[in-house]
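> Just dropping this structure here.
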Amino acid sequence: MANVFFTPQTVIVGEGALKESQAALCALGKKALIVTSGSMVRGGALEQLQGILQAGGCAYTVYTDITGEPSDQMVEAGAAQYLAEGCDFLIGMGGGSPIDAMKAIAVVVRLGGSINDYLGKVITEPLPPFCAIPSTAGTGSETTQFTIINNTVDQIKMLLKGPSLMPTLAVVDPALSVTTPPKVTAFTGLDALCHAVEAYTSKKAFPLADTMALSAVRRIFASLKRCYEQGDDLAARANMAQAALEAGMAFNNSSVTIIHGMSRPIGALFHVPHGLSNAMLLKPCLSFALPGCYDRFAVLAKEIGVWKDGMSEQEGAEAFLAAAAALCEALQIPSPEQYGLNREEFFAQIPKMAIDAQASGSPANTRRVPSIEEMEQLYRSLF
Ligand SMILES: [Fe+2]
């Protein structure tokens, strides 16, 4: 069977990427809507981008009101600014939120209506060109055909998808991530780890995506802890930026599985950051998935150097799981209780969360497919 591998048209990656992106950025259009957040303003990254556009003779207007995970209202305001200012392309700079918001704004300015109208539709219509410039190493949104928007009318997190949501251009410059705080570094880095591990062990895995996933896992184990402890280590940041990009390419093409499927409902109902809810679920969900896929988990153990001669595939798989759990511990990932979630409130939502997880389709990509009851049990095991 043949497989399709989607990537952005152009990827500029590595130290100095932002500076070197001028020609590619300015070729996208005449006037950009820059979608970003306050931290990019304070850290000076926005100013740098503005200088690059000015020197290239490209006009722009800045929308900085992405104050958290993107909502339908933020998308609406950004779309209004794009249209009022006569923009013809978009640039999203920052964490996953501004990039996701940018994608949704591109949909609304071209196709009209509210972003909430697009739930469940695959977006294939041509959109204005858009460029993603990530400042955190995690979501991989710069290389995916997905965006997650909070629908404040129905109180749900909408996963929107379609090949048109793939950025035209991705600029991955590790220098932008050196100021990421340790906690955000940990959460986003473990999000990338989940992308890579889930993609590699997904039913939909195939060799080209596997190459990306394996490389990402190796880099994350080599550098994430260092980035957490010593944020200004540019070499470690560069390794993580590359890893997040590779992990994004992997899951964009092979899909995520049980962790992401079960994680989204926790995020939607309890407002736990995406990477953190993934990290909370990593150990129990992978323990569940392991027996369906000892061989592939054993390859991951070899990739990160915890495989020992004489091990069976099962022992190798378990060694990988132990290493992943130890990484979460080293990054001081809190339990739901330590994070402040109320046990009773959480338990009351478990039936709904398990149904929503299954409805997302992601758990079905796991090689050991969990039933609703098994997911309920996994949720209970978090406390
Ligand atoms: Fe994710």
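The values are calculated or read from the model by the stated rules, or taken from the named source; none is laboratory data. Being a predicted model, the structure only gives us computed values, none of them experimental. Glycine gets a Cβ as well: all are built from the backbone with ideal geometry, and neighbour counts include every protein chain shown. These accessible areas exclude ligands, DNA and RNA; they are computed on the full protein's heavy atoms, side chains included. Shrake-Rupley method; radii C 1.70, N 1.55, O 1.52, S 1.80 Å.
> Can you pull the Kirkwood radius for the chain, inverse mean 1/r over Cα pairs, to one decimal in Å?
About 20.8 Å for the chain.
> Using only the Cα atoms of the range 1-138, build the gyration tensor, take square roots of its eigenvalues as a ≥ b ≥ c, and label the shape rounded, prolate or oblate: rounded if a/c is under 1.5, else prolate if a/b is larger than b/c, else oblate. List each step's numbers first, then the result.
Numbers: a/c = 1.44, a/b = 1.17, b/c = 1.23.
Taking the square roots of the gyration eigenvalues as a ≥ b ≥ c, the range 1-138 is rounded.
> Select from the range 167-238 those trypsin sites (Lys or Arg not before Pro) which occupy a DSSP coil region and have at most 15 other Cβ atoms within 10 Å, ordered by residue number.
Filter output for the range 167-238: LYS203, LYS204.
> Provide the three semi-axes, in whole Å and in decreasing order, of the ellipsoid equivalent to the range 147-233 as defined by the square roots of 5 times the Cα gyration tensor eigenvalues.
Each semi-axis is the square root of five times an eigenvalue, giving 25, 21, 14 Å.
> Tell me, what is the percent relative contact order of the chain, built from C-alpha pairs under 8 Å that lie six or more residues apart?
About 15 percent, as a whole number.
> Multiply the residue gap between LYS308 and PHE206 by 0.36 nm, knock off their C-alpha separation, and tell me the result in nm, one decimal place. Mind dumping the intermediate values first?
Values: separation 102, 0.36 × 102 = 36.72 nm, distance 2.61 nm.
Result: 34.1 nm gained on full extension.
> In this model, which of LYS203/LYS308; LYS157/LYS352; LYS157/LYS225; LYS103/LYS183 are farther than 18 Å apart at the alpha-carbon?
Table pairs above 18 Å Cα-Cα are LYS203/LYS308; LYS157/LYS225; LYS103/LYS183.
> Hey, any idea what Rg/Rh is for the range 40-119, computing Rh the Kirkwood way over Cα pairs?
Here the Rg-to-Rh quotient is 0.97.
> Roll a 1.4 Å probe over the protein chains and send me the accessible area per residue for the chain in Å². It would help to have the intermediate numbers written out before the result.
Numbers: 15200 Å² over 383 residues.
Using a 1.4 Å probe on heavy atoms only, each residue of the chain averages 40 Å².
> Could you give the semi-axes, largest first, of the ellipsoid that matches the range 182-380, computed as the square roots of 5 times the alpha carbon gyration tensor eigenvalues and rounded to whole Å?
Details: eigenvalues 122, 84, 47 Å².
In descending order the semi-axes read 25, 20, 15 Å.
> Shape verdict for the range 1-64, please, from the Cα gyration tensor: rounded (a/c under 1.5), prolate (a/b greater than b/c) or oblate.
It is prolate, given that a/c is not under 1.5 and a/b is the larger ratio.
> Which residue fluctuates the most in the chain, going by a Gaussian network model with Cα springs under 10 Å, if the choices are LYS352, LYS31, LYS308?
Its mean-square fluctuation being the largest, the pick is LYS308.
> Suppose every K and R has +1 on its Cβ and every D and E has -1 on its Cβ; what is the size of the dipole of the range 250-383 about the Cα centre, in Debye to the nearest 20?
Dipole about the Cα centre, nearest 20: 220 debye.
> In addition: Return the carbon/sulfur percentage of the accessible area of the chain, one whole number, probe 1.4 Å, all protein chains in place. Walk me through the numbers before you get to the answer.
Working: 7760 of 15200 Å².
Answer for the chain is 51 percent, counting heavy atoms of protein chains only.
> Can you tell me what share of the DSSP beta bridges in the chain is antiparallel? A percent to the nearest 5 is fine.
DSSP beta bridges in the chain are roughly 25 percent antiparallel.
> Sticking with this structure for a sec: Mean residue ellipticity at 222 nm from the helices of the chain, using -39,500 (n - 2.57) per DSSP H segment of n ≥ 4 over the full residue count, to the nearest 500 deg cm²/dmol? Display every interim value, and only then the final one.
Values: 15 runs with 202 residues, N = 383.
Helices in the chain give a 222 nm mean residue ellipticity of -17000 deg cm²/dmol.
> Heavy atoms only, probe 1.4 angstrom, no DNA, RNA or ligands counted: give me TYR82, TYR228 ranked by accessible area, highest first.
Numbers: TYR82 15, TYR228 40 Å².
From most accessible down to least: TYR228, TYR82.
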